[in-house]
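Before any comments, here is the structure.
The values are calculated or read from the model by the stated rules, or taken from the named source; none is laboratory data. None of these values were measured; they are calculated from a predicted model. Here the Cβ positions follow ideal geometry from the backbone for every residue, glycine too, while neighbour counts run over all protein chains shown. Remember, those area values only see protein heavy atoms, side chains included, never the ligands or the DNA or RNA. Shrake-Rupley method; radii C 1.70, N 1.55, O 1.52, S 1.80 Å.
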Amino acid sequence: MSQDKVQIFDTTLRDGEQSPGASMNTEEKLEIARQLVRLGVDVIEAGFPISSPGDFESVRRIGTEVGDACVVCGLTRAIPADIESAADALKTAARPRIHTGIGVSESHLVDKLRISKETALERAVAAVKLSRTFVEDVEFYAEDAGRAEPEFLYRMIEAVVAAGATVVNIPDTTGYAYPELFGDLIGGLFNGVRGIENVIVSVHCHNDLGMATANALAGVNAGARQIECTINGIGERAGNTAMEEVVMALRQRPDVFGVDTTINTREITRASRMVSNITGIGVQPNKAIVGANAFAHSSGIHQDGILKERSTYEIIDPVEVGVGGSSIVLTARSGRHALRHRLEVLGFSLAADEFESIYADYLVIADKKKEVYDEDLEVLVGERERTLHDVYHLEKVQVTTGEPGIPTATVELVTRDGVHMIDSSHGTGPVDAVYKAINRMIDVENDLSEFSVNAVTRGIDALGEVTIRVTAGDGHIFTGRGAHSDIIVASAKAYINALNRLLVSQETAGTDVTDGV
Ligand code: KIV
Ligand code: ZN
């Protein structure tokens, strides 16, 4: 293996599955294994064969199906029955690996295994030797190495290398390590452990202190050439090193690491979504690389920068990890540049004064909502076009309603000449009260024949769009639309819109409809 290559050992199907609630059936594991092959991982740890018939079957089927695309590995303790079971499950694998090991820290030796250091050494060596009778590729893990006495860890590693281990795994089982110290622990292996130059040193870090990625990378800088990791960082307790993080760190910073993996990074997002869907474990929105917000820009300053040149606020091109592109989230903090860009993407090219007026309306909506969606913008622009030739403009609407209570509305209108009018009415409901108040000011014969409300955007703060039809005295039908996050206001706008159309049509037929106002 090239000294510049770091192998990716994926343990989503074994350590990842140890996440509470993440258990997967064999078909689901096979689906993920196929995606791991597309990603180009070097090793798939497919399960712990002795732990259950399901795990045995998953290791067997994955080993058979992936062929020589990558190494397939089964976990064991340093117990002969475990090793025999793993060997059995891997019988049909083209490139089988047995992963065996034993605790090495004081805590594991004294409190868990209740054995002496010498016994642990003997069992470690025996496990590797037995594994080698079945397969040529044997990985040894020194459990809880992150809390072990370095001298004893090195003794054990030297013994298992001499016994035939091909890969030695230094796990920080409890997520206790700190990057500098973990780097020193790995570096120490290369300072006197006999035979270490003939094996691959692997790092397996847990995230209890949020340092799994940093520790694994410190291990690589100290000479490790295999990283054990999971998609989305799922795993026991706080999880494992996240594959997408270490892969992208190595890819982005050749100046720091000078080594790389052969992962096809464009498959990362697909893998992340698949694992999240199958396990039911969601990805936090701000998760590095694969979180929903990882390439989303919300502040106006950042949006302006991104639209001018993506690299101003992104160190990774989202296309490189399989995301369509950066996203601009329209919020109250977005500026004109972002809004204009989004409107252009939606196909609206507006003159400068039209744009300014849309921008003012946009800010009103954005202040009320957390996020402004494309549908909101379509409604906004549509509304603007509708109100361009208005005879009356709705200025204010206020209702009181309830049960018991008399629905009452007060409405203020402004004519296109700037005259303000206010009137009130009560009705059978709030919309009826609003319409009656409007009728008191716009005295034009009409009959409301249709009324419907639709939510046009998402969420509790969605915009409601009201569509109505009114029939004029001469039998002509006019449609009116209005959108607002308050459906009473949307209803008032829709009615005014229909009446405006009716009045404009009468106007063009020659009557001055605002006469006497
Ligand atoms: O965290 C750990 O020590 C492990 C070993 C079984 C490799 O998962
Ligand atoms: Zn682990």
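Residues considered: VAL379, VAL364, VAL414, VAL434. Of these, the only one that is at pLDDT 85 or above, crowded, with 16+ Cβ neighbours inside 10 Å and either assigned to a loop (DSSP other than H, G, I, E, B) or not basic (Lys, Arg) (or both) is VAL434.
Of everything listed in (1) open to solvent by less than 50 Å² (accessible area, probe 1.4 Å); (2) among the polar types (S, T, N, Q); (3) not assigned by TED's automatic domain parsing to the domain that holds GLY21, the single unmet condition for GLN284 is (1). Residues in the range 115-150 that are open to solvent by less than 30 Å² (accessible area, probe 1.4 Å) and within 16 Å of ligand 2 (Cβ to nearest atom): GLU139, PHE140, TYR141, ALA142, ASP144, ALA145, GLY146, ALA148.
Looking at LEU217, LEU189 in this structure, which one is away from ligand 2 (no atom under 16 Å from the Cβ), assigned by TED's automatic domain parsing to the domain that holds ASP15 and either in contact (Cβ under 8 Å) with a residue 40 or more places away in the chain or under 25 Å from VAL290 (Cα atoms) (or both)? Only one candidate qualifies: LEU217. A single entry from VAL72, VAL41, VAL66 fulfils the requirement of being in a helix (DSSP H, G or I) and either outside the structural domain of GLU27 (by TED's automatic domain parsing) or at pLDDT 95 or above (or both): VAL66. Can you name the residue in the range 8-23 that is under 14 Å from CYS73 (Cβ atoms) and not in a helix (DSSP H, G or I) and, of all such residues, is farthest from ligand 1 (Cβ to nearest atom)? The selected residue is ILE8. Candidates in the range 24-60 are the residues that are open to solvent by 10 Å² or more (accessible area, probe 1.4 Å) and β-branched (Val, Ile, Thr); of these, the one that is nearest to ligand 1 (Cβ to nearest atom) is ILE50. Inclusion of ILE83 among residues that are touching a residue at least 60 places away in the same chain (Cβ under 8 Å), of a type in the set (Val, Ile, Thr) and not in a loop (DSSP other than H, G, I, E, B) is not warranted.
I'd like to check something: does the range 243-262 contain any residue that is away from ligand 2 (no atom under 16 Å from the Cβ), open to solvent by 10 Å² or more (accessible area, probe 1.4 Å) and assigned to a strand (DSSP E or B)? Within the range 243-262 (the criterion being away from ligand 2 (no atom under 16 Å from the Cβ), open to solvent by 10 Å² or more (accessible area, probe 1.4 Å) and assigned to a strand (DSSP E or B)), the answer is yes, since at least one residue qualifies.
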